[in-house]
Amino acid sequence: MKNWTPQQLQRFAVADDLRISPFYSDGKTYGTPTWIWSVVVADRLYVRAWHGTRSSWYRSAVQQRAGRIYLDGQNFSVTFAPATDQTAQVDAAYRQKYGQSAYLLPMIQAGPQAATVEIFPR
C-alpha cells in the first residue's frame, strides 16, 4: 500500500475537516460524505465511527475497502483497512486533538474503538 507523505501527515494532524465517502456496493459510486474526526499516529491516518461497527460508513469502508476522503481542503482516493493494533495510541491522539470536546469520552469507548479504520492513499 502507498503511504502518506510527511507533509500530508503534518497537515492532517491538525486538520479538522475530514469527510469520508466509502464506495457503495457497486464499487463505483461514492457514498454521502460523512464528517468524522481523524488523527495521525506513528505516520498513519486513523478514523473511528461514532456508532461503532453499526455505522453505515464503517460497514461500507470495511466491505468495499475503497472510496475517497476530503481532508485539508482536497479530495483523496483512498483505501480503508480495519485497525486493531493501535487502540491505546489512537485513544491518546484523540485525547490530545479533541480533548476539549464533550464528544471525546464516547469516542474512546469500546464501540468506536472496535470501528477504527486506517486510511491509505490509493
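The values are calculated or read from the model by the stated rules, or taken from the named source; none is laboratory data. None of the values given here were measured: they were computed from a predicted structure. Reconstructed Cβ throughout: ideal geometry from the backbone, glycine too, with neighbour counts over all protein chains shown.
Key figures
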item: Per-region count, segment 10-56, residues crowded, with 17+ Cβ neighbours inside 10 Å, of a type in the set (Lys, Arg) and either under 17 Å from residue 99 (Cα atoms) or touching a Ser or Thr at 6+ places or on another chain (Cβ under 7 Å) (or both); result: 1
item: Qualifying positions in segment 50-81 - in contact (Cβ under 8 Å) with a residue 12 or more places away in the chain, at negative phi and part of a strand (DSSP E or B); result: 66, 68, 69, 70, 71, 76, 77, 78, 79, 80, 81
item: Enumeration of residues in segment 36-49 that are part of a loop (DSSP other than H, G, I, E, B), among the hydrophobic types (A, V, I, L, M, F, W, C) and more than 20 Å from residue 109 (Cβ to Cβ); result: 42
item: Residue that is farthest from the chain's Cα centre (by Cα) [pool: residues in segment 17-35 that are without any contact (Cβ under 8 Å) to a residue 40 or more places away in the chain and in a loop (DSSP other than H, G, I, E, B)]; result: 26
item: Where residue 84 falls short, out of the listed (1) over 20 Å from residue 13 (Cβ atoms); (2) assigned to a helix (DSSP H, G or I); result: (2)
item: Whichever residue in segment 72-121 is at pLDDT 95 or above, more than 14 Å from residue 48 (Cβ to Cβ) and touching a Phe, Trp or Tyr at 6+ places or on another chain (Cβ under 9 Å) and, among such residues, is surrounded by the most Cβ atoms within 10 Å (Cβ to Cβ); result: 78
item: Any hit, segment 37-59, residues being farther than 18 Å from residue 122 by Cβ, among the hydroxyl-bearing types (Ser, Thr, Tyr) and modelled with pLDDT under 95; result: no
item: Those residues of segment 1-35 which are over 16 Å from residue 120 (Cα atoms) and of a type in the set (Val, Ile, Thr), in sequence order; result: 14, 29, 32, 34
